[in-house]
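Scroll down for the structure; my scribbles are underneath it.
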Amino acid sequence: MRKKVTKAIFPVAGLGTRFLPATKAIPKEIMTLVDRPLIQYAIDEARAAGIKEFIFVTSRGKGALEDYFDIAPNLEQELRKKGKKDLLAILRSTNMDSGAIAYIRQHKALGLGHAVWCARRLIADEPFAVILPDDVIAAETPCLRQMVDAYAETGGCMVAAMEVPPEKTGSYGILDVGDSNGPVVEVTSMVEKPKKGEAPSNLAVIGRYILTPSVLNNLNKMRTGVGGEIQLTDAIAQEIGKPKGAGVYGLRFSGQRFDCGSKSGFLRATVAFGLARDELRDDLADYLREIVHMDRAAE
Ligand code: UTP
């Protein structure tokens, strides 16, 4: 019987330089799509996949994240007094159970692999998920749920995979794949940010992983890789080719992924999530039609 995946690591120690000056004072993960911070989407997805323990790898200046997950007694009292039940329910949906959430500091931004390794003592000997909150995925069945279900069949390590345009492969970990079974593909090699012309495919890894403790062992011995960072991809790649029940698999998940670590991805997500909300859809759609129309008229 495979151990269930009940722990997730959220590496949020990066500097978020692409969103300066905003990220001078607020963590990127607190920036909001409509009215929910990026981190809330990640937590909701993890909960829907059965995650019970939430481990944040943070850094200096990320205090707002801890406050966000704390209860807000004064605010709750005020809303109760005013009979604002709906708002109270929204507020409470962000509360976390006592003891379910842990914060670990990454003292230097040495890379995603290093961030994950910082949480090793809280993971011990279990499979675990890693979620990058700046990849937001709109899906009928949440992406991590799809992965946990697929992992129940395959074991080993599993990464979320999607096709990217060939000119973008240099920004991702890229997979070479062998046999496939529906949306699950067996990974035969993976390379982080390949140079132009060296990508084995255009199947990219995006920010969802299910990993075995042996990846943490690999990270124990890791040196810096591409970009002078300790790369998670390199530590996962060492698991490729292990016998059945181990090895590395990719899941071509169903859903739409938004790269909210980039400004253009963030704006697209804002529009998509705005249009998905009943109370905003008509007004926003009218406005979008209006500006597209004005743009065309100007041409
Ligand atoms: P990014 O590559 O998006 O870096 O990290 P960043 O610092 O967040 O943003 P930019 O590029 O400066 O704008 C991908 C994920 O890995 C985490 C980040 O917090 C983000 O969730 N990360 C990255 C760490 O936790 N530690 C690191 O050393 C590097």
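The values are calculated or read from the model by the stated rules, or taken from the named source; none is laboratory data. All figures in this text were calculated on a predicted structure; none of them were measured in a lab. Heads up, the Cβs are rebuilt from the backbone with ideal geometry, glycines too, and the neighbour counts pull from every protein chain shown.
If you take the residues of the stretch 238-292 that are within 16 Å of the ligand (Cβ to nearest atom) and not hydrophobic (A, V, I, L, M, F, W, C), which of them is nearest to Thr154 (Cα to Cα)? Across the stretch 238-292, the extreme among qualifying residues is Arg257.
Residues checked against (1) of a type outside the set (D, E, K, R); (2) modelled with pLDDT of 95 or more; (3) touching a Cys at 6+ places or on another chain (Cβ under 6 Å):
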{"residue": "Asp125", "(1), (2), (3)": "no, no, no"}
{"residue": "Phe128", "(1), (2), (3)": "yes, yes, no"}
{"residue": "Pro133", "(1), (2), (3)": "yes, yes, no"}
{"residue": "Ala138", "(1), (2), (3)": "yes, yes, no"}
{"residue": "Thr141", "(1), (2), (3)": "yes, yes, no"}
{"residue": "Leu144", "(1), (2), (3)": "yes, yes, no"}
{"residue": "Met147", "(1), (2), (3)": "yes, yes, no"}
{"residue": "Thr154", "(1), (2), (3)": "yes, no, no"}
{"residue": "Met158", "(1), (2), (3)": "yes, yes, no"}
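Reported count of residues in the stretch 265-299, each being among the aliphatic types (A, V, I, L, M), in a helix (DSSP H, G or I) and surrounded by 11 or more Cβ atoms within 10 Å (Cβ to Cβ), is 9.
Applying the condition of being surrounded by fewer than 15 Cβ atoms within 10 Å (Cβ to Cβ) and not in a helix (DSSP H, G or I) to the stretch 64-87 and asking which residue is nearest to the chain's Cα centre (by Cα) yields Asp70. Tallying residues that are surrounded by fewer than 17 Cβ atoms within 10 Å (Cβ to Cβ) and under 29 Å from Asp278 (Cβ atoms) within the stretch 48-63 yields 2. Of all the residues in the stretch 6-29, those that are without any contact (Cβ under 8 Å) to a residue 40 or more places away in the chain, more than 7 Å from the ligand (Cβ to nearest atom) and either closer than 17 Å to Gly265 by Cβ or in a loop (DSSP other than H, G, I, E, B) (or both) number 6. Could you go through the stretch 236-251 and let me know if any residue there is closer than 21 Å to Leu203 by Cα and part of a helix (DSSP H, G or I). Looking for residues that are closer than 21 Å to Leu203 by Cα and part of a helix (DSSP H, G or I), one finds at least one in the stretch 236-251, hence yes.
Among the residues of the stretch 32-44, what is the count of those that are surrounded by 19 or more Cβ atoms within 10 Å (Cβ to Cβ) and farther than 15 Å from Pro11 by Cβ?
Looking only at the stretch 32-44, we keep the residues that are surrounded by 19 or more Cβ atoms within 10 Å (Cβ to Cβ), and these are 33, 37-43.
So of that shortlist, the ones also farther than 15 Å from Pro11 by Cβ come out as 33, 37, 40-41.
Residues flagged as surrounded by 19 or more Cβ atoms within 10 Å (Cβ to Cβ) and farther than 15 Å from Pro11 by Cβ within the stretch 32-44 amount to 4.
Identification of strands (runs of 3 or more DSSP E) wholly contained in the stretch 137-235 with 3 or more residues that are in contact (Cβ under 8 Å) with a residue 60 or more places away in the chain and away from the ligand (no atom under 15 Å from the Cβ) yields 155-163, 184-192.
If we keep just the residues of the stretch 30-59 that are among the charged types (D, E, K, R) and in contact with a strand residue (DSSP E or B) (Cβ under 8 Å, 6 or more places away or on another chain), which is nearest to the ligand (Cβ to nearest atom)? Reasoning before the result, please.
Within the stretch 30-59, the first condition is being among the charged types (D, E, K, R), and the residues that meet it are 35-36, 44-45, 47, 52-53.
Pick out the ones that are also in contact with a strand residue (DSSP E or B) (Cβ under 8 Å, 6 or more places away or on another chain) and you get 45, 52-53.
On the way: Glu45: 14, Lys52: 21, Glu53: 18 Å.
Per the criteria, the residue is Glu45.
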